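Structure first, then comments.
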Amino acid sequence: MVSLNASAQKLLSFFPFLLVLFDLQYEGVECGINADVDKHLEMGKKLLAAGQLADALSHFHSAIDGDPDNYVAYYRRATVYLAMGKSKAAIPDLSKVIELKPDFTSARVQRGHLLLKQGKLDEAEEDFKKVLKSNPNEQEEKEANAQLLKSSEIQSMRSQGIAAYKEGDYSTAETYLNFVLETCIWDAEIRELRAECYISQGEPGKAISDLKAASKLKSDNTNAFYKVSKIYYQLGDHEMSLSEIRECLKLDPDHKECFSHYKQVKKLNKQIQAAEELIHEGRYEDALPKYEGILKTEPNVPYYSALVQERSCHCYSKSQQSTEAIRVCTEFLQQEPNNVNALKDRAEAYILEEMYEEAIRDYETAQQNNENDKQIREGLDKAQKLLKQSQKRDYYKILGVKSGLNRRLIYCMNRRGSKKKETRFPDHRSHACTAFT
């Protein structure tokens, strides 16, 4: 089966609209169509049917240039805009159609739909009411009545959602606003309000999509960019935070809040990148003060405090400062007990301290959370071998004997206690025992 291209798929979403368009019959005298305009309209119509939207749009532009009072050309250009997902551009064309031909109910129904999606409920209802007063066909009458009923429900839900938000009942407000946004998908105000509900309920990540949509739906929406940047910052995505705040400053270079936040996140981003670069170069001791600087720049966001602890744990371990590594890693692991990186770093520090059992426990915990990590398997094998070797201490070490003199003394004492001294110990060391007899 041949798959549809993106343009054709968009076109199908406006199929009812296209049926009206293709069934539309116009008279040359009424619309003032000349031969060139007629040619552009026909070519545009064919290209539109073939899904060649950009080419169709070009012909409808030419038709309107040739006859600015041709309502058919405006209506067809609105169709192309809708198929291209440019609803804002479609509304002025539909309004022009209604201005030129007030009894063209199909254009009014379509404009009502778009106004409803934008959340302009009063304007949408006005269009649907005028459709009912203008002798519509059966389908248009049915559609207008259904949309009026839906708009009334949305008005009620919208009012209740706003009221619940003002009362601090964010969960209830979210429920009402969800209903509104099922239809009013282009309502920037309601999206921003739902985003505030998410933030107030401790789910800032869910607010991002609504705020990003609001930034596109409303021109010069610096507030949405600022809020998205702040959320990314709090979540620890400093690079995305920097990207979003730059968008705010593109719209308004003098925006005080955006500029202040921009300076903060830019400084923090630079510090983190510098510290990570030092780690990449293996300069772990040099990286430590860089991370301390990060904590001074941002002491209040938990993510960055945890980042400093985790990376300091890593730096101390890799620079073989085992005591500090164990201390810092342990503090961090109290907050995130299953953090694989910190467990590996502490295990390495334990090995340096000959605390092999502790190292094994850390590697085993890390392995439970990441079974495919090669470093964990190799580290665990190493710790187990070292533990086994440490348990095979020779006889003298068990007794705490270190000097060679004391070892010879014990050797000779063992010989004196033997009944078969010369036959059991016929080696050259027997001559050295005379000094102890």
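Every number here is computed from the coordinates shown, using simple stated rules; none is lab data. Treat the numbers as computed from the prediction; the structure is a model and nothing was measured. In this analysis, Cβ positions are derived from the backbone assuming ideal geometry, glycine residues included, and neighbour counts consider all displayed protein chains.
Computed from label points 7 Å out along Cα-Cβ, the spacing between K86 and Q320 is 6.7 nm. Each Cα pair under 8 Å and six or more residues apart adds its separation to the average, and for the range 282-392 the resulting relative contact order is 18 percent.
To the nearest 20 debye, what charge dipole does the range 282-392 have about its Cα centre, counting +1 at the Cβ of each Lys and Arg and -1 at the Cβ of each Asp and Glu? Intermediate values should be presented prior to the final figure.
Numbers: 15 positive and 20 negative charges, 53 e Å.
Its charge dipole is roughly 260 debye.
Modelled spin labels at L386 and N137, positioned 7 Å past Cα toward Cβ, are 8.4 nm from each other. A DSSP coil position with no more than 14 other Cβ atoms inside 10 Å describes the following GluC sites (Glu not before Pro) in the range 293-360: E353, E354.
So if R0 is 51 Å, what FRET efficiency would E123 and A306 give, r being the distance between their Cβ atoms, rounded to the nearest 0.05? If you can, show how the numbers build up before the last one.
Details: r = 50 Å, r/R0 = 0.98.
It comes out at approximately 0.55.
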